[in-house]
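Input: a single structure, listed below in structure tokens.
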There are 2 protein chains.
Amino acid sequence: MSERRIVTSGALHGFIRAAFEACDLPAEHAERIAGLMVEADLIGADNHGVFRLPQYVRRIKAGGVAVQPTIAVLKETDATALVDGDNAMGHLVMHRAAEIAIEKAARRGVAWVGARNSNHAGPAALYASMPLARDMIGLYIAVGNANHMPPWGGIDMLLSTNPIAIAVPALEEPPIVLDMATSVAAYGKVKGAAQRGETMPEGWMMDRQGRPLTDPKRADEGFVLPIGGYKGYALALLFGLLAGTLNGAAMGSEVIDFNADDKSPTNTGQLVVALKLDAFGPVDAFKRSVDRVIREMRGSARLPGVDAIRVPGEQSHRRRRERLAGGIPIHPALAAQLDKLSDQLEIAPLAGT
Amino acid sequence: MSERRIVTSGALHGFIRAAFEACDLPAEHAERIAGLMVEADLIGADNHGVFRLPQYVRRIKAGGVAVQPTIAVLKETDATALVDGDNAMGHLVMHRAAEIAIEKAARRGVAWVGARNSNHAGPAALYASMPLARDMIGLYIAVGNANHMPPWGGIDMLLSTNPIAIAVPALEEPPIVLDMATSVAAYGKVKGAAQRGETMPEGWMMDRQGRPLTDPKRADEGFVLPIGGYKGYALALLFGLLAGTLNGAAMGSEVIDFNADDKSPTNTGQLVVALKLDAFGPVDAFKRSVDRVIREMRGSARLPGVDAIRVPGEQSHRRRRERLAGGIPIHPALAAQLDKLSDQLEIAPLAGT
């Protein structure tokens, strides 16, 4: 049990699908969520893939997520829609929202689709990337599922580290895919440091007296810091208004901490924008210009000690190729949890290669 | 000349309008630019209002900006447009772009309008705020007019501190208006510190060896730092692709430093998005929720030593009221420049109250 297990994406997909089917999700839904969660693991969003499965199952078993939801469009115009997720798994809601955005943008050039009554949907990059295949730019913003930040100058936890993802296609280069929280370090990184018994660098967290907090085991005594101080706070606030408040979803004190509460509907809000490249000019010319920009950045002279300059999404792209070929590593602690889960759900265990 | 001059917004408006008319801009254009520049001074965007007038006039005189432009829509769909600014003053181009966005969003729920062949347009907040009066959310992104940032890990100046503005209406509270550069400190702040002979805090700039740079007089030996390190670099890059590359405008090495070069067309790219509130639900209910969020943030318990928690746009709103009532302060050095300009253009000087 102490060895790292390597699994194929196919095996992981089958395991996740079986887990959700054992929780009474329709086969089609289980299949869709499994596909998106495996994609998260493939691109290296390790805190957002199968890592979340035990929590998802716990929440479903506690009645905190609808297993037979009716996801519906509540309101729409030619280029907008408001989707009601009916408390479904967020992956299902955001996949549907992105599909609607792509469909509408294909006809109108751009579309903005928001959702309420959704749930945690995994990495933001997944949904921002969906429009890429249709020669569109994608943008995704979400209200996070736990408040780990106060407003700047405050100590009450009123904001999540609301993330943004933007995906832009290139020609010969892989697409540029930004996926970032508005905090210096995502809360998952804090938990990771605690697990490994490491100290955090100054600048990640602060305690309620305003002193740097570097012991991740004391995370409860403070909060994560926004990027650029006041600026990151402002971004988290505005992203929350766009993805939450505008959609009639939770924001501020309404946000449910889904780590601590398995039962209450989270009323999570998210949004997807799709923007059609050819509404602005020839598609290939644009993609060629993106290639040029990527190569300019990479080709910059470097600071002493820097071995390479990267563009957003480059590492995920590389990791995806590696993991498709060589498998996905599962941390021993997670593998043990998944084995327990397979016992509990009476499904076949996740086999290594 | 060593005293600070206080001017009314009306006097400032008349002076700016006269200056542009003396430069052969059509009266209607001079009037529009003056209105937007005064608005910049009213909201306290002091580096983006009349402060820029001498530079604008210098550029016009050098032939770097078209004085009789034909701003035209190059390409459009129901919900998008690409505007060719014909190298006009950026204020004219972006005012037009925002108008088109508002018109299209009124019919389709959302609209995304990009521009090429534009120029510096003053503070981002101006154009993000235009949709507010029509019960819409506004978003504005621009490629800055000088590259002061390298890609993260690099030392070549390939990125501007590309700003974003987002404006969201409230009910009883003033609207929330975020307007920020993607760097820790805007370059104007560095110049301001140099003028006043001050030292900069660590974290604003770095030299080419990766050491903190705190003497603003040595700004040429380094570069400004993005918010959140790699994250701010990624935001500046993505904003540049959306506002520049997608519109066929300058990005990366193509960006002209408009402080150093008065003649070359800058081919500045910007974008405006307008999003109609009632496409997502009842307008007043949304605005009331924004009020609630604002009051929650403000009402948070505070860190020791913090006297108030603010929301973005609050200080600009307050300053606007103060300056409308009490006038706009003009720094003595700027007043002297404006007096010289009035001699040069043979217009009446800017009179204090």
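Since every read-out is calculated from the coordinates, none of them should be taken as a lab result. The structure displayed is predicted, hence computed values, not measured ones. A quick note on method: Cβ atoms are made from the backbone with ideal geometry, for glycine too, and the neighbour counts reach across all protein chains shown.
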Residue exposure sequence - B:Met200, A:Met251, B:Met136 - by fewest surrounding Cβ within 10 Å: B:Met200, B:Met136, A:Met251
Return the sequence-ordered ³J(HN,Hα) values of the range B:273-284 in whole Hz as given by the Karplus equation 6.51 cos²θ - 1.76 cosθ + 1.60 applied to θ = phi - 60°, using x for Gly and Pro. 10, 10, 9, 7, 4, 6, 6, 10, x, x, 4, 5
So what are the ³J(HN,Hα) numbers for the range A:266-272, from phi and the Karplus equation (6.51, -1.76, 1.60; θ = phi - 60°), rounded to whole Hz, Gly and Pro as x? 7, 6, 6, x, 8, 9, 10
Average beta carbon contacts from partner chains per residue of B:288-295, 10 Å cutoff: 4
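For peptide A:153-165, what's the mean number of Cβ atoms from other chains within 10 Å of each residue's Cβ? Before the final figure, lay out each step's value.
Details: counts 10, 11, 7, 7, 1, 6, 4, 0, 0, 0, 0, 4, 1.
Counting other chains' Cβ atoms within 10 Å and averaging over A:153-165 gives 4.
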If one builds a Gaussian network model of chain B from Cα atoms under 10 Å apart, the most fluctuating residue listed among B:Ala101, B:Ala11, B:Ala165 is B:Ala11
Trypsin sites (Lys or Arg not before Pro), restricted to the range A:218-287: which are DSSP loop and have at most 11 other Cβ atoms within 10 Å? A:Lys263
Using the Karplus curve 6.51 cos²θ - 1.76 cosθ + 1.60 with θ = phi - 60°, work out ³J(HN,Hα) for each residue of the range B:213-221 in order, rounded to whole Hz, and write x for Gly and Pro. 10, 10, 9, x, 6, 9, 3, 5, 8
If amide H atoms are built 1.01 Å from N in the plane of the peptide, which residues on other chains or at least 5 residues away come under 5 Å of the amide H of A:Ser183? A:Ile227
Give me the lysines in straight-line cross-link reach of B:Lys191: C-alpha distance below 21 Å, same-chain residues under 8 apart excluded. A:Lys231, B:Lys217
With a 10 Å Cβ neighbour count serving as the proxy for reagent exposure, in which order, fewest first, do B:Ser129, B:Ser316 appear? B:Ser316, B:Ser129
What are the distances, in nm and sorted shortest first, from the label point of A:Arg211 to the label points of the same position in each other copy, with each label point placed 7 Å from Cα along the Cα-to-Cβ direction? 3.2
Under 19 Å between alpha carbons, and skipping anything fewer than 8 positions from A:Lys287 in its own chain: which aspartates and glutamates qualify? A:Asp135, A:Glu172, A:Glu173, A:Asp278, A:Glu296, A:Glu314, B:Glu254
Label geometry 7 Å along the beta-carbon vector: A:Arg298 inter-copy distances in nm: 5.0
Using amide H atoms built in the peptide plane, which far-off residues or other-chain residues are under 5 Å from B:Leu213 H to H? B:Gly203, B:Met205, B:Met206, B:Asp207
Ranking A:Leu159, B:Leu303 by Cβ neighbours within 10 Å, fewest first, what do you get? B:Leu303, A:Leu159
To the nearest 500 deg cm²/dmol, what mean residue ellipticity at 222 nm is calculated for chain B from DSSP H runs of n ≥ 4 alone, each contributing -39,500 (n - 2.57), summed and divided by the residues? -11500 deg cm²/dmol
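Given Cα pairs under 8 Å that are at least 6 residues apart, what percent is the relative contact order of chain B? Walk me through the numbers on the way to the answer.
Details: 754 pairs, mean separation 85.8, N = 353.
Reported relative contact order: 24 percent.
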Long-range HN-HN contacts of B:Thr80 with modeled amide H, under 5 Å: B:Trp112
Average beta-carbon neighbours from other chains, 10 Å sphere, peptide B:245-254: 5
Using alpha-carbon pairs under 8 Å, 6+ residues apart, how would you state the relative contact order of the range B:184-225 in percent? 42 percent
